[in-house]
Each structure stands twice: as structure tokens, then as C-alpha cells.
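The values are calculated or read from the model by the stated rules, or taken from the named source; none is laboratory data. Bear in mind the structure is a predicted one, so any value in this text is a computation, not a measurement. All Cβ positions, glycine included, derive from the backbone under ideal geometry; neighbour counts span all protein chains shown.
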């Protein structure tokens, strides 16, 4: 049984550049219209630390529009999830530029009490924006997919009532940040975990529902659409060391290609769906939630999303949310 869960990271560029109207509000409005047209909903991973900092500093007049849009998403049945880049938590705005705190880049490397404070503050921001004091997001996605080392962050998230993480992309490797999700390749479509997000734990604190990937030859990652998005971002040129480390990430025979509706073409998305649909026909017993990802700042065309939704509908594949999938998984496991 297949379901597809579309997720979108709701954020500006990682260095703090760009306008909320152009990179968040306007693309999210287009995205919302497409999903409403197909009577479907997606999961919106709101970057709480970034938006709170921008609002507090008053650096972007569109912050009010963005916060209203977040409320509208929830009112219309879209799922609001938590996304945090912790380098924003102590960011400063000076002379027209954001100065982010890279010492806090990886939330998992911080002391446990600092992790708790950041997560608590981010959830408090969502509650304020939504006007819902008792709101707790069901799911979380770490900044730059960094959920290693896992133990402290898993404990903190579970302690706040979060039940799902979606930071992993199976087969992922980033030498610069020590990210290594290659071990998770042997896992299924989802798994419980506690101490190590790569290792299933039947008594796990959280459920991992990773972004769906296919291992492909590394050269397939260098497409015109991907390279165009890479050039689009207003980021300074990477330093020589960063370039060399990034090349190490690709120095593999096979590389994980994410189910990314911003970076893949419609044909590539449909090809990935078709393979899973065929596999499901051969073996329909497993529950196969396919998590797709995109970013408001990268939304270059709507055709890929339209074609993907049309493909799924033609095959009778539901488009759902983490809440829907979580309920199904709990029932399959005999849990309320």
C-alpha cells in the first residue's frame, strides 16, 4: 500500500538573504493553490527560528503576511510541522545583513539543556503564530538534515510531544558536517529509533519517516534543473576546502537522489513513482509512505507538482500527511 506525503521547507536562503515575499509567501501561495485544486494537502515545515528572528528584528515587512499564511495553511487542513536551523537562534542583523551563529549550526552537537531551550522556543513561536496555546507539531525536520548524534535530540523532541522525525535521506553523506545516513539504506520506509536514527529500535522514542531516495549513479545528480537552482541562490562562492569536501560527498559510485519536486523534472518524479507502484503491485503487504520534499525558495515550476499529483491520482495512490500515515502505522502495530 502506497501513500505519498509531500513536504515543503518554508524558509529563505540559508545565509539569511532574500525576501520573505519572494522566497516564502508567493511560492507558498502557488503551492497551496495547486494542492487545493487536486483536493490534496501537504506538510509545511515552518522554519520557526528564522521567522522569529526576522519578526523580532523587523527586517522584512512581509513577516505579517507569512505568519497569516501559516494560520491559513492550518485552517485549510495543511499540516504545520517544525523545522529549525539553530544558527538563527542567536543571529544578529547588522548593516543590512544577517550574522548567523555557526557555532550552533548542528543542533545535535549542543548541550542537552540548550537543545531543550531551542526546541521549546521554536514550538512556542508556532503556538503564538497559530494562536493555539496547546499546539504541538507532530513532526520535525532538522536544519540541513542533521540529526546526528541522535540521542539527545531524540529525547528532547519526544519530551516535547513530537512523534515523527523526517530529517533522514537514506544513503546520505556530508563529510563537512559528519552526516552519514548510509546505514539506514537497509531500513524500510519508516522505523522507530532512539539512540541512533540509523538503527531501528522497537521501543524507540520517535518514528523516522525519511525523505524517499533512490540510489543512482552520481552523474545523474548533475542535471540542468539542479544546476540552475544552485546558481539561483544569492550565496557567496564556497571556499576551496568546502568545494573539495563536497566533491568527496559525490565521490561514490552511487548517490541518493531525493524525491524532490523542486529539483527533479516531472519525468524523473513520475519514473520514481512508477517504480514504487510496480513494486507495490508485486508485494502489496508493506505500507509504503513515500515522503517527497521541496523548498519554497526553490519552487521553480508548478508543472512537476501538477504532473506528480496527476500521476498519483491516475494510479489511485493517496496523497496524505504525516498525521494520516502515523495513524495507519500505529494501527498496523496494534497501538491506539
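For first residues located in segment 1-20 and surrounded by fewer than 19 Cβ atoms within 10 Å (Cβ to Cβ), partners that are assigned to a strand (DSSP E or B) and modelled with pLDDT of 95 or more and lie 6+ apart or on another chain with Cβ distances below 7 Å form the pairs 1/288.
Of the residues screened, residue 254 is one that is touching a strand residue (DSSP E or B) at 6+ places or on another chain (Cβ under 7 Å), farther than 24 Å from residue 29 by Cα and at pLDDT below 95. When 99, 126, 110 are checked against the criterion of being in contact with a strand residue (DSSP E or B) (Cβ under 6 Å, 6 or more places away or on another chain) and either surrounded by 15 or more Cβ atoms within 10 Å (Cβ to Cβ) or over 23 Å from residue 72 (Cα atoms) (or both), a single residue qualifies: 99. For segment 179-190, the count of residues that are more than 19 Å from residue 293 (Cα to Cα), at pLDDT 95 or above and surrounded by 23 or more Cβ atoms within 10 Å (Cβ to Cβ) is zero.
Answer yes or no as to whether residue 121 is buried (at least 22 other Cβ atoms within 10 Å of the Cβ), in contact (Cβ under 8 Å) with a residue 60 or more places away in the chain and not in a loop (DSSP other than H, G, I, E, B). Spelling it out, it is not the case that residue 121 is buried (at least 22 other Cβ atoms within 10 Å of the Cβ), in contact (Cβ under 8 Å) with a residue 60 or more places away in the chain and not in a loop (DSSP other than H, G, I, E, B). Restricting attention to segment 48-57, the residues that are in contact with a strand residue (DSSP E or B) (Cβ under 6 Å, 6 or more places away or on another chain), surrounded by fewer than 23 Cβ atoms within 10 Å (Cβ to Cβ) and within 15 Å of residue 11 (Cβ to Cβ) total 0. Here segment 303-336 is the region considered, the condition is being outside any helix (DSSP H, G or I), surrounded by fewer than 18 Cβ atoms within 10 Å (Cβ to Cβ) and modelled with pLDDT of 95 or more, and the residue that is nearest to the chain's Cα centre (by Cα) is 318. Within segment 54-68, residues that are within 18 Å of residue 296 (Cα to Cα) have Cβ atoms under 7 Å from residues that are surrounded by fewer than 12 Cβ atoms within 10 Å (Cβ to Cβ) and modelled with pLDDT of 95 or more in no pair, counting only partners at least 6 apart in sequence or on another chain. At least 3 residues being in contact with a helix residue (DSSP H, G or I) (Cβ under 8 Å, 6 or more places away or on another chain) and within 25 Å of residue 4 (Cβ to Cβ) is the threshold, and among the strands (runs of 3 or more DSSP E) wholly inside segment 18-95 those reaching it are 43-47, 79-84.
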